[in-house]
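The values are calculated or read from the model by the stated rules, or taken from the named source; none is laboratory data. None of these values were measured; they are calculated from a predicted model. Every residue, glycine as well, gets a Cβ built from its backbone with ideal geometry; the counts of neighbours run over all protein chains shown.
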Amino acid sequence: MRRGQTLVATLAVLAIIAILAVVMLKGTGGAEPKAKADGRGVTVLGNAMATANDSACQSNLSQFRQLIQVQKSTDEEFKPTTPSDVPGAAGVSKCPVGKELYVIDENGLAHCPHLGHEKY
Ligand SMILES: [Zn+2]
């Protein structure tokens, strides 16, 4: 009888842990649209990963824009149309999430074509 009670108590503890894990990983359900566009953001961990990747893209894009500015400061005629026109930008010319090359518009501004990154 004592052995049966121990088993029931163990199973109860495991059930509580399982419920807590589901609650923790389920997320809020209010995930941001940018995260959902990536097919992630459904769980708390997915949200955190999507946010980290989005930050990586913003940082990358910022460095890429700075490289364009540095080049423009030494060469006023510098008008890049593709990322390969920007010297030294090979490491930061792509979105780290979708690996798409950044797009340079007619005003010389760099943008990320990845879904959800349009406003960076
Ligand atoms: Zn991006």
Restricted to segment 104-117, and to residues that are more than 10 Å from the ligand (Cβ to nearest atom) and loosely packed, with under 14 Cβ neighbours inside 10 Å, which residue is nearest to Phe64 (Cα to Cα)? Leu109
Please state which of the following conditions Arg2 fails to meet, knowing it meets all the rest: (1) modelled with pLDDT of 75 or more; (2) loosely packed, with under 13 Cβ neighbours inside 10 Å. (1)
Complete set of residues in segment 66-108 that are touching a strand residue (DSSP E or B) at 6+ places or on another chain (Cβ under 7 Å) and among the hydroxyl-bearing types (Ser, Thr, Tyr): Thr81, Thr82, Ser93, Tyr102
If a residue must be in contact with a Phe, Trp or Tyr (Cβ under 9 Å, 6 or more places away or on another chain) and among the basic types (Lys, Arg), how many such residues does segment 73-120 contain? 1
What are the residue pairs meeting all of these: first residue in segment 13-26, first residue in a helix (DSSP H, G or I), second residue at pLDDT below 95, Cβ atoms under 8 Å, and 6 or more apart or on different chains? Met24/Val44; Leu25/Thr43; Leu25/Val44; Leu25/Leu45; Lys26/Thr43; Lys26/Val44
